[in-house]
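*Asks:* My questions all concern the structure below.
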Amino acid sequence: MMGGVSGGGDDDVVQIQQPNKPGDPFIITVNCPDKTGLACDICRIILDFGLCIAKGDVSTDGVWCYIVLWVIPYSVLLPMSCSYLILKERLQKICPPCLASFYVIQQPSRSSPVYLLKFCCLDRKGLLHDVTKVLSELELTIQKVKVTTTPDGRVLDLFFVTDNKELLHTRNRQDETCERLNAVLRDSCISCELQLAGPEYEYNQGISSLSPALAEELFRCELSDNEVRAQALSPDMTKLKKTNVTMDNSLSPAHTLVQIRCADHKGLLYDIMRTLKDLNMKISYGRFSPNSMGYRDLDIFIQQKDGKKILDPEKQSALCSRLKQEMLHPLRVIIANRGPDTELLVANPVELSGMGRPRVFYDVTFALKTVGICVFSAEVGRHSTSEREWEVYRFLLDENCEFQLTGVAARNKIVNRVRRTLMGW
């Protein structure tokens, strides 16, 4: 713990220690002025890099914070050594400046410009994920997507992206992007254009209309009857239902201790931190224990926005229920009929800051490619309910693929494969 101890210059804000041998975790240390939601922002970036937080410690006195995270790639296919410098740069950008005159009143961050990447190519199996993988490797963040397959077998893709390197306005960066895409698409590429997004970006912000019944099934707090039946015998579901959240006000005169024991999943610490951030809870100290038999234990000392403990039983109950809900199913995955066609829908909550969950589109397209399912059309947009805003991914599945989409067992297999990929199981 390091409360009230100031660090050095901005170069010392983020340190990443590489492992001594393959398989060992990288150690990320963040030592900077505190701000509400900083732990959430850090966890989001780490998730965006395809990294798993093996364990972690967070400590702050309300002015200065000290965070240590042990991280490993979720997959051996995601080598960390070549990208840790980029990760360090991304983390440094979200940390408040170290100069005392700046961390009392911070200037709002400037949003990155949105670019439209439009290309036309011949369709093939796994195309959507291959393109998504290239964009991820290029450090381009997908904001919105519109994918359409024409009757003659051509695909028109509209990707609205932002550049984490903030260089997409340069000719070299634009050429690099198109060249990397051409290398993947090869002879199937017909055209590729990249330009600053215009009014069409705002037009594509929303999602195609969801029927009331579909919206009810997708956004309900509890699992639907179909999901319960499909997962009744699933070991994963059994673990998820064992989530336990308790609160204790007896161990600290100024803080409420939140203790969580739950099944581990990809982005678990991010889900907890974004929930606390959206509820304006201040974290003073937190410990994230290593995975033990598929479960995680967390101890978090928190305060309300006014700096007081949570003494109201109703507020305690509401916070526990919200955390349990996020642990049970942080992402919603269903499959439904869209007229005569079959549609896969995935949804995740959007932070109050407007930030969505990283790598969802990447993981879903990877899961579909693995199962051998072609995507006829796809779109990503936002949908608002009475309680919160959601990011919704809609995939119209190709009935002509090798995988049969009509049977209940086949549909359950698709949903389970997508969910397990998203949850890192």
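The values are calculated or read from the model by the stated rules, or taken from the named source; none is laboratory data. Nothing here was measured: the structure is a model prediction, and the numbers come from that model. For neighbour counting, all protein chains shown are included, and Cβ atoms are generated from backbone atoms with ideal geometry for every residue, glycine included. Quick note on the areas: whole protein, heavy atoms, side chains included, nothing else; ligands and nucleic acids left out. Shrake-Rupley method; radii C 1.70, N 1.55, O 1.52, S 1.80 Å.
*Asks:* Is it true that SER377 is touching a Phe, Trp or Tyr at 6+ places or on another chain (Cβ under 9 Å) and either exposed (fewer than 15 other Cβ atoms within 10 Å of the Cβ) or modelled with pLDDT under 90 (or both)?
*Replies:* On the way: touching a Phe, Trp or Tyr at 6+ places or on another chain (Cβ under 9 Å): yes; either exposed (fewer than 15 other Cβ atoms within 10 Å of the Cβ) or modelled with pLDDT under 90 (or both): yes.
Here the answer is yes, as SER377 does meet what is asked.
*Asks:* In segment 324-351, how many are under 24 Å from TYR285 (Cβ atoms) and over 17 Å from the mean Cα position of the chain (by Cα)?
*Replies:* 1
*Asks:* Please state which one of PRO253, PRO290 is loosely packed, with under 14 Cβ neighbours inside 10 Å, under 21 Å from the mean Cα position of the chain (by Cα), at negative phi and not in a helix (DSSP H, G or I).
*Replies:* Working: PRO253 fails: under 21 Å from the mean Cα position of the chain (by Cα).
Selected residue: PRO290, the only one of PRO253, PRO290 that is loosely packed, with under 14 Cβ neighbours inside 10 Å, under 21 Å from the mean Cα position of the chain (by Cα), at negative phi and not in a helix (DSSP H, G or I).
*Asks:* May I pose another question? Would you pick out the residues in segment 117-139 that are over 20 Å from VAL371 (Cα atoms) and open to solvent by 10 Å² or more (accessible area, probe 1.4 Å)?
*Replies:* Correct list: LYS118, CYS120, LEU122, SER136, GLU137, GLU139.
*Asks:* Quick check on this structure: which one of ASP175, ASP187, ASP163 is of a type in the set (D, E, K, R) and either over 19 Å from SER136 (Cα atoms) or modelled with pLDDT under 90 (or both)?
*Replies:* Working: ASP175 fails: either over 19 Å from SER136 (Cα atoms) or modelled with pLDDT under 90 (or both); ASP163 fails: either over 19 Å from SER136 (Cα atoms) or modelled with pLDDT under 90 (or both).
When all the criteria are applied, what remains is ASP187.
*Asks:* Also, I was wondering about something else. Among (1) in a strand (DSSP E or B); (2) buried (at least 19 other Cβ atoms within 10 Å of the Cβ); (3) at pLDDT below 95, there is one condition PHE301 misses while meeting the rest; what is its number?
*Replies:* (3)
*Asks:* Also, I was wondering about something else. Collect the residues in segment 380-405 that are of a type in the set (D, E, K, R), open to solvent by 20 Å² or more (accessible area, probe 1.4 Å) and under 18 Å from the mean Cα position of the chain (by Cα), keeping them in residue-number order. Spell out the reasoning first.
*Replies:* Filtering segment 380-405 down to residues of a type in the set (D, E, K, R) leaves 382, 387-389, 391, 394, 398-399, 402.
Right, trim to open to solvent by 20 Å² or more (accessible area, probe 1.4 Å) and you get 382, 387-389, 398-399, 402.
The answer is ARG382, ARG388, GLU389.
*Asks:* Restricting to segment 15-54, give me the number of residues that are open to solvent by 40 Å² or more (accessible area, probe 1.4 Å) and on the phi > 0 side of the Ramachandran plot.
*Replies:* Within segment 15-54, residues that are open to solvent by 40 Å² or more (accessible area, probe 1.4 Å) and on the phi > 0 side of the Ramachandran plot number 1.
*Asks:* Shifting gears a bit: Tell me which residues, restricted to segment 305-341, are touching a helix residue (DSSP H, G or I) at 6+ places or on another chain (Cβ under 8 Å) and not in a strand (DSSP E or B).
*Replies:* Taking segment 305-341 and keeping what is touching a helix residue (DSSP H, G or I) at 6+ places or on another chain (Cβ under 8 Å), we get 310, 322-323, 326-336.
ILE310, ARG322, LEU323, GLU326, MET327, LEU328, HIS329, PRO330, LEU331, listed by residue number.
*Asks:* If you don't mind, another one. If you check ARG296 against the conditions, is it part of a strand (DSSP E or B) and either under 26 Å from ARG420 (Cα atoms) or among the small types (Gly, Ala, Ser) (or both)?
*Replies:* On the way: part of a strand (DSSP E or B): yes; either under 26 Å from ARG420 (Cα atoms) or among the small types (Gly, Ala, Ser) (or both): yes.
Spelling it out, ARG296 is indeed part of a strand (DSSP E or B) and either under 26 Å from ARG420 (Cα atoms) or among the small types (Gly, Ala, Ser) (or both).
*Asks:* When you go through (1) closer than 30 Å to ALA410 by Cβ; (2) among the aliphatic types (A, V, I, L, M); (3) modelled with pLDDT of 85 or more; (4) crowded, with 16+ Cβ neighbours inside 10 Å one by one for ALA213, which number turns out not to apply?
*Replies:* Of (1) closer than 30 Å to ALA410 by Cβ; (2) among the aliphatic types (A, V, I, L, M); (3) modelled with pLDDT of 85 or more; (4) crowded, with 16+ Cβ neighbours inside 10 Å, only one is false for ALA213: (4).
*Asks:* Quick check on VAL364: is it open to solvent by less than 50 Å² (accessible area, probe 1.4 Å), assigned to a strand (DSSP E or B) and out of contact with any Asp or Glu (no Cβ under 6 Å at 6 or more places or on another chain)?
*Replies:* Values: open to solvent by less than 50 Å² (accessible area, probe 1.4 Å): yes; assigned to a strand (DSSP E or B): no; out of contact with any Asp or Glu (no Cβ under 6 Å at 6 or more places or on another chain): yes.
So VAL364 does not fit the description; no.
*Asks:* Please find, within segment 272-287, the residue that is farthest from the chain's Cα centre (by Cα) out of those that are free of Cβ contacts under 8 Å to residues at least 60 places away in the same chain and not in a helix (DSSP H, G or I). Write out each step before concluding.
*Replies:* Here is the first cut: in segment 272-287, the ones free of Cβ contacts under 8 Å to residues at least 60 places away in the same chain are 272, 275, 279, 281.
Filter once more, so that each one left must be not in a helix (DSSP H, G or I): 279, 281.
Values: LEU279: 18, MET281: 20 Å.
Across segment 272-287, the extreme among qualifying residues is MET281.
*Asks:* Just to be sure I understand the filter: pairs with C-beta atoms under 8 Å, separated by 6 or more residues or on different chains, first member in segment 34-48 and closer than 23 Å to SER136 by Cα, second member open to solvent by 10 Å² or more (accessible area, probe 1.4 Å) and of a type in the set (Ser, Thr, Tyr). Which pairs pass?
*Replies:* ASP48/THR141
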